[in-house]
Amino acid sequence: MFVNAVVKDRICFIEMQNSEHFNCLSEQMCFELIDALKFGYDSGCVGIVIKAQTRRGVWSAGHDIKELPQDGNDPLAFGVPMEKLLRKVQDTPIPVIACVSGTVWGGACDLCLSCDMILSSKNATFAITPAKIGIPYNASGILHFINQLGMNKAREMFFLGTPITAEDALNVGLINHVTELENLDNMLEEHFLTPLRKNSVLSISAIKRQFRILSRASTVISAENFERINYYRTRVFEGDDYKEGIRSFLEKRPPQYKGKASDLD
C-alpha cells in the first residue's frame with residue numbers, strides 16, 4: 001500500500017507513503033489515491049487533505065517514467081491512471097487541499113493545481129517537466145496551467161522545466177499560502193480546516209460544482225450546464241443549511257450545519 005487515508009474530525013487526511021520511490025505517480029499510486037478520495041467523500045467529510053512522506057526533500061517526483069509507453073501510444077491519453085486521478089480530484093464535490101512539504105515535479109505539479117487550494121512550506125518548489133523527457137503535454141493539462149497561472153508564466157514553466165520557488169508560486173497564484181516547514185500543520189489547521197468545518201458543506205459543494213462547470217465552459221454556457229448550476233443552487237437555498245446560516249448570523253451564534261455534499265448527487 002502506497003497511500004494511507006484516515007478521517008479525523010470530518011477531514012480526510014490522505015498521505016502518500018512511497019517515499020522510497022519519491023511518491024512517483026505510478027498506476028498503483030494513482031488508483032490508491034482515487035480510492036482514498038472516494039473514501040473521504042463517502043465518509044461524509046467536509047474536506048480532504050493530500051500530504052506526503054518526503055525523502056531528500058521530495059514531496060512527489062511526478063509520473064513514474066518507467067511506466068511511460070514507448071510503443072507510440074499517448075502517455076497522457078484520457079484513460080491513463082494519472083489523468084483519471086486529476087479528474088477525480090477536480091470532480092470530488094468537497095474541497096481538496098494539497099499540503100506540500102517539499103519539491104514537486106512533473107505530473108505532481110498538475111496534481112497540486114487540480115486541488116482546490118494549496119498550502120506549502122517555504123522550502124517547496126514546483127516544476128512541470130514534460131519537455132525534459134520529450135513528452136508533448138496534453139491540451140487539457142496545458143489549458144489547466146494557463147487558466148491558473150496566465151499564458152506567460154505557463155510558457156515559462158513548460159518551456160524551461162526549471163523549478164520555481166514557493167514565493168514565486170505564491171506571487172503568480174499557483175498556491176494559496178506559504179509558511180515555515182515547522183508551522184505547516186498549524187497553518188493547515190487554523191487557516192484552512194477550522195473555518196472549513198464551520199461552514200456549510202452543502203453550500204461549498206454546490207459552489208465547487210459550479211466552479212468545475214464554469215472552468216470547463218467557453219464564453220457561452222450550455223443549456224444543460226446552466227440547468228445543472230441552477231439545480232445545485234436551488235438545492236442549497238431551499239435547504240435547512242441556508243436557513244440555519246441566516247438564523248445563526250442574526251442570533252450571533254456559531255451555525256450548526258447538517259447538510260452533506262452528497263445531498264447534491
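The values are calculated or read from the model by the stated rules, or taken from the named source; none is laboratory data. Everything quoted here is computed from the prediction, not taken from an experiment. Note: ideal-geometry Cβ built from the backbone for every residue, glycine included; neighbour counts use all protein chains shown.
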message = Condition (residue is within 15 Å of the chain's Cα centre (by Cα), surrounded by 18 or more Cβ atoms within 10 Å (Cβ to Cβ) and closer than 19 Å to Ile207 by Cα) applied to region 100-108: is it met by at least one residue?
response = no
ask   = Do you know which residues across region 6-30 are crowded, with 21+ Cβ neighbours inside 10 Å, among the aliphatic types (A, V, I, L, M) and assigned to a strand (DSSP E or B)?
value = Ile11, Ile14, Met16, Leu25
ask   = Which residue pairs have Cβ atoms under 8 Å apart, sit 6 or more places apart or on different chains, and have a first residue in region 72-88 that is modelled with pLDDT of 85 or more and a second that is aromatic (Phe, Trp, Tyr) and crowded, with 19+ Cβ neighbours inside 10 Å?
value = Leu76/Tyr137
task = Being more than 30 Å from Lys198 (Cα to Cα) and without any contact (Cβ under 8 Å) to a residue 60 or more places away in the chain is the filter here, so list the residues in region 23-34 that pass it.
result = Cys24, Ser26, Glu27, Gln28, Met29, Cys30, Phe31
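So which of Lys8, Lys51, Lys88, Lys38 ends up being among the basic types (Lys, Arg), under 29 Å from Pro195 (Cα atoms) and in contact with a strand residue (DSSP E or B) (Cβ under 7 Å, 6 or more places away or on another chain)?
On the way: Lys8 fails: in contact with a strand residue (DSSP E or B) (Cβ under 7 Å, 6 or more places away or on another chain); Lys88 fails: in contact with a strand residue (DSSP E or B) (Cβ under 7 Å, 6 or more places away or on another chain); Lys38 fails: in contact with a strand residue (DSSP E or B) (Cβ under 7 Å, 6 or more places away or on another chain).
Exactly one of Lys8, Lys51, Lys88, Lys38 is among the basic types (Lys, Arg), under 29 Å from Pro195 (Cα atoms) and in contact with a strand residue (DSSP E or B) (Cβ under 7 Å, 6 or more places away or on another chain), namely Lys51.
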inquiry  = What's the total number of residues in region 124-155 that are in a strand (DSSP E or B) and either acidic (Asp, Glu) or crowded, with 20+ Cβ neighbours inside 10 Å (or both)?
reply    = 2
request  = Within region 72-122, track down each residue that is in a helix (DSSP H, G or I) and small (Gly, Ala, Ser).
outcome  = Gly107, Ala108, Ser114
request  = Quick one: count up the residues across region 125-184 that are without any contact (Cβ under 8 Å) to a residue 24 or more places away in the chain and acidic (Asp, Glu).
outcome  = 3
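Results for (1) closer than 18 Å to Pro130 by Cβ; (2) not charged (D, E, K, R), shown as yes or no for each residue.
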{"residue": "Arg10", "(1), (2)": "no, no"}
{"residue": "Met16", "(1), (2)": "no, yes"}
{"residue": "Phe22", "(1), (2)": "yes, yes"}
{"residue": "Leu37", "(1), (2)": "no, yes"}
{"residue": "Pro75", "(1), (2)": "yes, yes"}
{"residue": "Leu85", "(1), (2)": "yes, yes"}
{"residue": "Val89", "(1), (2)": "no, yes"}
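Being of a type in the set (D, E, K, R) and either within 29 Å of Asp9 (Cβ to Cβ) or at pLDDT 95 or above (or both) is true for just one of Asp35, Asp64. Which residue is that?
Numbers: Asp64 fails: either within 29 Å of Asp9 (Cβ to Cβ) or at pLDDT 95 or above (or both).
Every option except Asp35 fails the conditions.
In a helix (DSSP H, G or I), assigned by TED's automatic domain parsing to the domain that holds Gly150, out of contact with any Pro (no Cβ under 9 Å at 6 or more places or on another chain) and not hydrophobic (A, V, I, L, M, F, W, C): does that describe Glu224? It would help to see each step written out before you state the result.
On the way: in a helix (DSSP H, G or I): yes; assigned by TED's automatic domain parsing to the domain that holds Gly150: no; out of contact with any Pro (no Cβ under 9 Å at 6 or more places or on another chain): yes; not hydrophobic (A, V, I, L, M, F, W, C): yes.
So Glu224 does not fit the description; no.
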Unmet requirement for Ala77, which otherwise passes all of (1) buried (at least 16 other Cβ atoms within 10 Å of the Cβ); (2) among the hydrophobic types (A, V, I, L, M, F, W, C); (3) more than 17 Å from the chain's Cα centre (by Cα) = (1)
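Farther than 22 Å from Glu189 by Cα and charged (D, E, K, R) - does that describe any residue in region 68-77? Before you say what the answer is, go through the steps one by one.
Looking only at region 68-77, we keep the residues that are farther than 22 Å from Glu189 by Cα, and these are 68-77.
Then drop every residue that is not charged (D, E, K, R), which leaves 71, 74.
Yes, region 68-77 contains at least one residue that is farther than 22 Å from Glu189 by Cα and charged (D, E, K, R).
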message = Regarding region 200-221, can at least one residue be identified that is under 20 Å from Cys12 (Cβ atoms), not charged (D, E, K, R) and not in a helix (DSSP H, G or I)?
response = yes
key: Verdict on Ala206 being closer than 15 Å to Leu113 by Cβ, of a type in the set (Gly, Ala, Ser), buried (at least 20 other Cβ atoms within 10 Å of the Cβ) and touching a residue at least 24 places away in the same chain (Cβ under 8 Å)   = no
